[in-house]
Each structure stands twice: as C-alpha cells, then as structure tokens.
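The values are calculated or read from the model by the stated rules, or taken from the named source; none is laboratory data. Please read these numbers as outputs of a predicted model, since none were measured by experiment. Cβ placement follows ideal geometry from the backbone for every residue including glycine, while neighbour counts extend to all protein chains displayed.
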Amino acid sequence: MLEKTFKLKENGTDVKTEIIAGLTTFMTMAYIIALNPNLLTGFGAEGASLWNGVFMATCIASAIGMFVMAFAANKPFAMAPGMGLNSFFAVVTTNIVAITGMTYLASYQAALCIILIEGLVFIVLSLLNIREKIVDAIPLGVRLGIAPAIGLMLMNIGLGSNKGIYSENGGPFYVMRDFFGALTPSLAQTQMGSGYAEMVLTVVTMFIGLFVIIVLAHKGVKASVIIGMLAASIVYWIGEAAFLGNNPFASLQGASFVPPFADMVETTLFKFNFSGFAQVGWFTMITLIVTFCIIDMFDTIGTLVGTASRAGMLDKNGKMPQMKQALLADAIGTVAGSATGTSTVTTFIESASGVEAGGRTGLTALTTGILFLACMFLAPIAAVIPAAATSSALIYVGVLMIAGLKNIHFDDMYQAVPVALMLIAMPISGSIGHAIGLGLIAYTVMKLFTGKAKEVSVLTYALSVIFLIKFFLVA
C-alpha cells in the first residue's frame, strides 16, 4: 500500500528511512508548536483559552498541509505556521486593536480574515500556475533580502522584546533595553527592583539554550533546536524553584491532557470577524493581504526549490516536478490555518533535516504530520516551556535566516540598497510589509533615475505605488 502510494523504490527509499526522516523533521521543527501560540498571544498574556485555541490550530493546520503535501505532491516537505509571518500577524492584530478599539480576541479574529483570503488567492494562483510567474517578476535583490531581514527581526524579538518582566518599579523590562542596555549591573538592578533576579535567570536561560543549539547543530545533531529548548527549560525551571521560590509546574496541577477542543471552538475555529476587519479600511486591508501574499510566496517557493535542489529533485531545467501540487498544499494549509485559528502555514526550511536523513517522498511529510496531531494531547506540557527557552530558538532561527545575505551581490547597488533598507527597517519598525515596501520603492526609483526604467516589471511598479500611497497618503 505504502509502496504504491508513495513510489518508494522509484525514489530510492524505503519505509524505515522515510519514517526516520519524518521523525527527524519533526524534532527539528517541534519548537513551533509552543512558540507559535506564545508569539500570537503575547506568551499567554491574552488568556489561556486563546493560547489553547492557537495551540490546537497549529497542530491541526500543520498536519492538514503536510497530508496534502504527502498525497498530492508526494514530497518530503513539512509545513507549519511560518516564523516571521506569525510575528507579523501578531503585530497586525495589535494594530487592529489600536485602529478599531476592539479587544485583542476580536482583532485576532478579524486578522484571520487576511489569512483566509490569502489562502484562497493562493489556491487560485496555484491552480492557474501564476505564482511562479509572479515570483519571476519581483526584483531578485528584494526577493533575496526578505529572509535575512526577517531573521534580524526574529533576533530582535528574541533578544530585545521576547519577554517583558514587571516589578514594583514598573515594567515591562526587556533583555536588551533594560539589562544589557544599562550602563552597569548595579544600575540595572536599581531600575528593575525585584524583577532583576528574573531578568538574570531569563538571560542565562536564553544564552545556555542558544549555545546548546549551536554546539549540537555544529555536531550535526538533527534535533538541536528542540534539545536546546529543553536544556534551557530545565535551567529555567531549576532557577525558578531555587532563586525565585516559584513552582514551575504549578500549572500542571489538575491539568487535563485532553486536547482543548472547546477552547479552539470558543476562540478561533471558523471565528472570522469580517465586520471587524472592515473597520480597518479597504486600502489597509488590500495592503495587508498583498504583503502576506508576497512574504509567503517568497518563503514557500524559496524553501521548496532550495531543499529540492539539495535532495537532487530538480530536473535538468532547474524545475521541481509536482511544484504546482506542492504550492497547492501550502495554500490549503493556509486556508486550514485561518479556519482553525493560526497565521499563514508555509513550508519549513527544517524540512532539509529530513531530506538529509534520507526522506524523498510524501511518507516523510505524512509521518511528521501524524506527530503534529499527536502533540494535541500535550498542551499542558507545552505551556510550561518558558519564554526564555523559545527565545533561544528565535535567535538561532534568525541567525540561519541572516545567512541568506551570502546570496546578495553587495557590489550591485540595485540589490545592496533595497536589502540594506530592509535589514534596518524590519527590526526597527517591526513591520515586514513596510520593509518590503521600502525595498521595492528604492529599487524602482533607482532604476527610473538611472535610465533603466524598462527593466522594472509592471508588478513591481504597481506594488511600489501601493506602498507609496500607504506611506504618504493613508493614515
């Protein structure tokens, strides 16, 4: 049955290899199961019900995307809510709160409308083979600069504002601003009061986790990220009990390991707030949808092509067979994410770990998807993972994404200037869309005023105009 479905012999693999590859991929990306609801709910600040709803949505939507990838495309690529995109989604939700005055939950449900529309658009574009053509029309430098810029933003979140700490002196206090930003440790201690001990524990935990991940990754350990997060969590739990006098597992007392379906039904399942989304304004709506589409498009196609090349899956023309089906799996996963309650589902670069372990068919993706579903029963355990441990993963993933700068030709000003602007704008503004807009505008203006206007695609002109209007004419 498996041989007939996944054509294992034809792809030079077997059931054992594919299952091990699927487990390997899962172990390298399992951090997203706890990290995604942490990011989208302010590390639980928006309430346990919403956290549980996003947790369930992360598991279910990821699994649906991977099942489509397995059976429709027969490729070993795994999917989950994309890093960077989930941070952007959280920022968008917060902005909707400020614009409309709605609660965070109502604004979150309004933001899910963006993900639904994005997914539906991608389904149509994938079926019509338009997504590849759109990517070819976007300037190469801007395309290559998105991932490194997102990497810097992730590092900023992990190092700078991942976890705010409060004390009798106020707050929130942040790692880079209030701990490393202080002139002396004594000044930091004075500023933070009783929160200083928690800050020290957070910093120690974060860097221990990061160094464990780096060392294990250097040694080729496939599960380096999740092991590093576990090591950081243990350090934090011990420190919390020994130095802060808290019980790190208090939330487990009386906790149920039954999947929190009720919380998902209450908060996120098919909870599209179209009336709230309409209050944002039509132009902002269009801009957000276009921005999500652009980011996801680059993220997915880049990951698919890069990983497929590594696995020897590209044909003599540099194209991947079943690309259309793989892109369709991404689109369906995104629609499933919007329906269940999470941000854009995209192909994960950690799929490369499974490919390195020998994964060559959809059985790898199927295995990873099943493991994601199994995690629905572990919500209480995932909830005790400290934010400082997830910071380690954020920083590491950010570093990996920054490595994409090696593909930028900095001696070419048409690439260097847009990328440099994106690198500085994204972490400072906290907006992926605005950074991309600056990059597109810079590229277009440079071409216009250097006599190379004909080299700019119509789509690039259109996007540049949209962002110019947004920046200067729309409040």
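Cβ-Cβ distance below 9 Å, separation of 6 or more or different chains: which pairs start in segment 400-417 with a residue that is at pLDDT 90 or above and end on one that is among the hydroxyl-bearing types (Ser, Thr, Tyr) and part of a helix (DSSP H, G or I)?
Once the first residue is at pLDDT 90 or above and sits in segment 400-417, its partners that are among the hydroxyl-bearing types (Ser, Thr, Tyr) and part of a helix (DSSP H, G or I) give Tyr414/Tyr443; Gln415/Tyr443; Val417/Tyr443.
Could we say that Gly171 is at positive phi, surrounded by fewer than 20 Cβ atoms within 10 Å (Cβ to Cβ) and at pLDDT 80 or above here?
No, not satisfied.
Looking at Ile99, is it farther than 24 Å from Ala388 by Cα, within 19 Å of the chain's Cα centre (by Cα) and surrounded by fewer than 24 Cβ atoms within 10 Å (Cβ to Cβ)?
Working: farther than 24 Å from Ala388 by Cα: yes; within 19 Å of the chain's Cα centre (by Cα): no; surrounded by fewer than 24 Cβ atoms within 10 Å (Cβ to Cβ): yes.
Considered against the rule, which asks whether it is farther than 24 Å from Ala388 by Cα, within 19 Å of the chain's Cα centre (by Cα) and surrounded by fewer than 24 Cβ atoms within 10 Å (Cβ to Cβ), Ile99 comes out as no.
What is the residue count in segment 452-461 for residues that are without any contact (Cβ under 8 Å) to a residue 12 or more places away in the chain and surrounded by 12 or more Cβ atoms within 10 Å (Cβ to Cβ)?
1
Those residues that are outside any helix (DSSP H, G or I) and surrounded by fewer than 18 Cβ atoms within 10 Å (Cβ to Cβ), I need them from segment 412-439; list them, please.
Asp412
Tell me the residue from Ala231, Ala278 that is modelled with pLDDT of 90 or more, within 30 Å of Ala106 (Cα to Cα) and under 26 Å from the mean Cα position of the chain (by Cα), please.
Within the list Ala231, Ala278, the selection yields Ala278.
Report, by residue number, each residue of segment 437-453 that is of a type in the set (Phe, Trp, Tyr) and under 10 Å from Tyr414 (Cα atoms).
Matches in segment 437-453: Tyr443 only.
Determine which single condition His409 fails, assuming it passes every other condition in (1) surrounded by fewer than 19 Cβ atoms within 10 Å (Cβ to Cβ); (2) in a helix (DSSP H, G or I); (3) not charged (D, E, K, R).
His409 satisfies all of (1) surrounded by fewer than 19 Cβ atoms within 10 Å (Cβ to Cβ); (2) in a helix (DSSP H, G or I); (3) not charged (D, E, K, R) except (2).
Could you tell me whether any residue of segment 77-94 is in contact with a Phe, Trp or Tyr (Cβ under 6 Å, 6 or more places away or on another chain), crowded, with 24+ Cβ neighbours inside 10 Å, over 17 Å from Ile157 (Cβ atoms) and at pLDDT 90 or above? Spell out how you get there, then give the answer.
Let us first name the residues in segment 77-94 that are in contact with a Phe, Trp or Tyr (Cβ under 6 Å, 6 or more places away or on another chain), namely 78, 80, 93.
In the following step, the residues that additionally are crowded, with 24+ Cβ neighbours inside 10 Å were identified as 78, 80, 93.
Subset that is over 17 Å from Ile157 (Cβ atoms): 78, 80.
Imposing the further condition that a residue be at pLDDT 90 or above reduces the set to 78, 80.
Scanning segment 77-94, I find at least one residue that is in contact with a Phe, Trp or Tyr (Cβ under 6 Å, 6 or more places away or on another chain), crowded, with 24+ Cβ neighbours inside 10 Å, over 17 Å from Ile157 (Cβ atoms) and at pLDDT 90 or above, so the answer is yes.
Just checking, how many residues over segment 193-223 are in contact with a Ser or Thr (Cβ under 6 Å, 6 or more places away or on another chain), assigned to a helix (DSSP H, G or I) and free of Cβ contacts under 8 Å to residues at least 40 places away in the same chain?
Within segment 193-223, residues that are in contact with a Ser or Thr (Cβ under 6 Å, 6 or more places away or on another chain), assigned to a helix (DSSP H, G or I) and free of Cβ contacts under 8 Å to residues at least 40 places away in the same chain number 2.
Filter segment 231-261 down to the residues that are in contact (Cβ under 8 Å) with a residue 40 or more places away in the chain, among the hydrophobic types (A, V, I, L, M, F, W, C) and assigned to a helix (DSSP H, G or I) and list them by number.
Within segment 231-261, Ala232, Trp237, Leu252, Phe261 qualify.
Using beta carbons and a limit of 7 Å, which pairs, at least six apart or on different chains, have the first residue in segment 87-104 and without any contact (Cβ under 8 Å) to a residue 24 or more places away in the chain and the second one of a type outside the set (Gly, Ala, Ser) and crowded, with 16+ Cβ neighbours inside 10 Å?
Correct list of pairs: Val97/Tyr104.
Quickly run through segment 10-33 and pick out the residues that are among the hydrophobic types (A, V, I, L, M, F, W, C) and within 16 Å of the chain's Cα centre (by Cα).
Listed by number, the residues that qualify are Phe26, Met29, Ala30, Ile32, Ile33.
Would you please list the contacts, defined by Cβ atoms under 7 Å and residues six or more apart or on different chains, that run from a residue in segment 27-44 that is closer than 10 Å to Ile226 by Cα and at pLDDT below 90 to a residue that is acidic (Asp, Glu) and surrounded by 24 or more Cβ atoms within 10 Å (Cβ to Cβ)?
Thr28/Glu350; Met29/Glu350
Would you mention how many residues in segment 440-475 are outside any helix (DSSP H, G or I) and either at positive phi or not aromatic (Phe, Trp, Tyr) (or both)? First the steps, then the outcome.
Just the residues of segment 440-475 that are outside any helix (DSSP H, G or I), to begin with: 449-452, 456-457, 474-475.
Pick out the ones that are also either at positive phi or not aromatic (Phe, Trp, Tyr) (or both) and you get 450-452, 456-457, 474-475.
The total comes to 7.
Which number in (1) charged (D, E, K, R); (2) within 22 Å of Leu40 (Cβ to Cβ); (3) modelled with pLDDT of 75 or more marks the one condition that Lys324 misses?
(2)
Taking interchain pairs and intrachain pairs at least six residues apart, which have beta carbon atoms under 7 angstrom, with the first residue in segment 7-20 and part of a helix (DSSP H, G or I) and the second of a type in the set (Val, Ile, Thr) and at pLDDT 90 or above?
Glu18/Thr361; Glu18/Thr364; Glu18/Thr367; Ile19/Thr367
Got a sec? Which of Met83, Met69, Met56 is under 21 Å from His434 (Cβ atoms) and not β-branched (Val, Ile, Thr)?
Met83
Tell me which of these Thr364 doesn't satisfy, since it passes every other one: (1) on the phi < 0 side of the Ramachandran plot; (2) surrounded by fewer than 20 Cβ atoms within 10 Å (Cβ to Cβ); (3) not aromatic (Phe, Trp, Tyr).
(2)
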